[in-house]
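Below is one structure; the comments refer to it alone.
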Amino acid sequence: MTLRIVGSFRTLGGPVLQQDFAELVGPYRMELHVHCYRLTGSVRDADEAMQEAMLGAWRMIDRFEGRAWLYRLATNACLRLLHGRPPRLLPADRGPARAVGADLDGPSAGPWLEPYPDRLIPQERYDLRESIELAFVAALQHLPADQRAVLILREVLAYSAAEVADALDTTVASVNGALQRARRTVAERVPERSQQENLAALGADGERELVEALVTAGEKGDVEAIRARLTAGARFTMPPLAAWFDGRDDIARFLAGRVFTTPWRLVPTRAGGRLAFVCHRESQPAALIVLALDEDRITEITAFLDPAVIERFG
């Protein structure tokens with residue numbers, strides 16, 4: 001391949017054009033963005049890291065070596081972005097559940113984990129869809145950033161220990177040690193069955209029936225119908241509010257007393273590898289509801305209230 005290099009760089013065949021750069025880098029942009037999201041837990045942070053990585057690729061296009069080279073740039077852009085920052089978590093990771101009737105308080109600074117819009121990923125990329133599942137990305141946030149990078153590069157992208165050591169400018173021994181520690185932490189926090197596997201077992205008809213039932217119950221404010229779908233130990237969280245509720249009885253009481261006092265309209269979508277709904281109140285999108293399922297029962301409801309998060313799904 002004959003590369004044409006950016007403007008002031010030494011050239012092989014003339015200055016690179018935007019079209020040339022897009023042809024080299026374009027096929028990898030989507031999966032690199034997913035990679036940055038897994039590392040950062042935020043679509044906004046993934047955008048920022050991608051911008052830095054793409055700028056670096058543009059400036060060093062004369063060294064272009066393909067996919068692994070781009071992943072190295074993206075990984076290190078994320079690590080620089082994450083340096084000194086607290087992890088993005090969910091409310092249940094930050095404090096105990098609230099009693100029904102307690103003050104919810106206002107939004108907390110977080111930072112909070114964000115879901116990834118499944119619509120951005122081609123249907124055939126099952127590998128990417130499974131790797132953005134909210135439970136997996138949430139578990140990653142409990143790791144130091146360097147361990148996150150090692151786990152993703154080794155387990156998700158299947159790079160060798162030597163390749164990861166080269167990308168992160170460390171040793172193979174350090175990579176292997178970090179991988180063992182990261183595996184233990186993530187294994188403790190990720191369910192045995194992924195949401196992709198759960199939805200496949202539910203089947204298209206079962207998923208359709210569940211979605212239709214939840215839309216009907218949500219729009220009618222039918223708390224008992226929703227309660228019947230919850231497991232006994234279900235959780236309800238509402239980032240950026242720190243308050244959350246534990247158990248189907250407390251969730252049902254909260255829904256009856258605080259949520260269904262006004263009408264809602266629910267629009268089905270997918271977020272973070274899960275069933276989700278954009279919830280409209282008074283014709284305005286007010287929440288992104290993301291569910292975790294065990295067969296056809298709900299184990300977790302996460303209501304993202306941040307307008308910037310909701311907008312990506314509207």
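The values are calculated or read from the model by the stated rules, or taken from the named source; none is laboratory data. Here the structure is a predicted model, which is why all the values come from computation and not from measurement. Every residue, glycine among them, receives a Cβ derived from its backbone with ideal geometry; neighbour counts consider all protein chains shown.
Looking only at the range 186-215, how many residues end up being β-branched (Val, Ile, Thr), part of a helix (DSSP H, G or I) and within 23 Å of the chain's Cα centre (by Cα)? Step through it out loud before you land on a result.
Initial filter on the range 186-215 (β-branched (Val, Ile, Thr)): 186, 190, 211, 215.
Now drop any that are not part of a helix (DSSP H, G or I), which leaves 186, 211, 215.
Within this subset, residues satisfying the condition of being within 23 Å of the chain's Cα centre (by Cα) are 186, 211.
Of the residues in that region, 2 qualify.
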Exercise. Give the number of residues within the range 156-176 that are loosely packed, with under 14 Cβ neighbours inside 10 Å and assigned to a helix (DSSP H, G or I).
Key: 2
Quiz prompt | Lone unmet requirement of (1) modelled with pLDDT of 95 or more; (2) over 30 Å from ILE301 (Cα atoms) for CYS78 | solution = (2)
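Which residue, of ASP47, ASP103, is at pLDDT 95 or above, out of contact with any Asp or Glu (no Cβ under 7 Å at 6 or more places or on another chain) and closer than 30 Å to ALA243 by Cβ? Even if it seems obvious, please write down each step before you answer.
Details: ASP103 fails: at pLDDT 95 or above.
Result: ASP47 is the single residue among ASP47, ASP103 that is at pLDDT 95 or above, out of contact with any Asp or Glu (no Cβ under 7 Å at 6 or more places or on another chain) and closer than 30 Å to ALA243 by Cβ.
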Quiz prompt | Those residues of the range 38-57 which are closer than 17 Å to ASP306 by Cβ and within 15 Å of the chain's Cα centre (by Cα), in sequence order | solution = THR40, GLY41, SER42, VAL43, ARG44, ASP45, ALA46, ASP47
Quiz item: For GLY218, which of the numbered conditions (1) out of contact with any Phe, Trp or Tyr (no Cβ under 7 Å at 6 or more places or on another chain); (2) assigned to a helix (DSSP H, G or I); (3) within 25 Å of LEU90 (Cβ to Cβ) fails to hold?
Solution: (1)
Self-check item: Test for GLU224: is it touching a Lys or Arg at 6+ places or on another chain (Cβ under 6 Å) and under 24 Å from ALA99 (Cβ atoms)
Solution: no
Self-check item: Of all residues in the range 201-228 being aliphatic (A, V, I, L, M) and surrounded by fewer than 17 Cβ atoms within 10 Å (Cβ to Cβ), the one that is nearest to ARG248 (Cα to Cα)
Solution: ALA228
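Can you pull out the residues in the range 175-193 that are under 18 Å from LEU39 (Cβ atoms) and either modelled with pLDDT under 95 or not β-branched (Val, Ile, Thr) (or both)? Don't jump to the end; show me each part of the working.
Taking the range 175-193 first, the residues under 18 Å from LEU39 (Cβ atoms) are 175, 178-179, 181-183, 185-186, 189-190.
Correct list: ALA178, LEU179, ARG181, ALA182, ARG183, ARG189, VAL190.
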Quiz item: What number goes with the only condition from (1) over 20 Å from the mean Cα position of the chain (by Cα); (2) on the phi < 0 side of the Ramachandran plot that GLU295 does not pass?
Solution: (2)
Quiz item: Within the bounds of the range 259-274, is there any residue that is within 30 Å of ILE121 (Cβ to Cβ), without any contact (Cβ under 8 Å) to a residue 40 or more places away in the chain and assigned to a strand (DSSP E or B)?
Solution: yes
Quiz prompt | All positions within the range 82-119 that are within 20 Å of ALA252 (Cα to Cα) and part of a helix (DSSP H, G or I) | solution = PRO91, ALA92
Quiz item: ARG183 passes all but one of (1) in contact with a Ser or Thr (Cβ under 9 Å, 6 or more places away or on another chain); (2) part of a helix (DSSP H, G or I); (3) of a type in the set (Lys, Arg); which number fails?
Solution: (1)
Exercise. Could you list, in sequence order, all residues of the range 124-143 that are under 17 Å from the mean Cα position of the chain (by Cα) and in a loop (DSSP other than H, G, I, E, B)?
Key: ARG125, ILE132, GLU133, GLN141, HIS142, LEU143
Practice problem: Output the qualifying pairs, or none if there are none: Cβ atoms under 7 angstrom, residues six or more apart or on different chains, first residue in the range 168-179 and more than 18 Å from LEU143 (Cα to Cα), second residue in a helix (DSSP H, G or I). | Solution: THR171/ALA165; VAL172/ALA161; VAL172/ALA162; VAL172/ALA165
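Across the range 115-128, which residue is nearest to ILE152 (Cα to Cα) among those that are of a type outside the set (Phe, Trp, Tyr) and modelled with pLDDT under 85? Please lay out each step first, then the result.
Going through the range 115-128, the residues of a type outside the set (Phe, Trp, Tyr) turn out to be 115, 117-125, 127-128.
Then keep just the ones that are modelled with pLDDT under 85; that gives 123-124, 127.
On the way: GLN123: 21, GLU124: 20, ASP127: 12 Å.
If we take residues in the range 115-128 being of a type outside the set (Phe, Trp, Tyr) and modelled with pLDDT under 85, then ASP127 is nearest to ILE152 (Cα to Cα).
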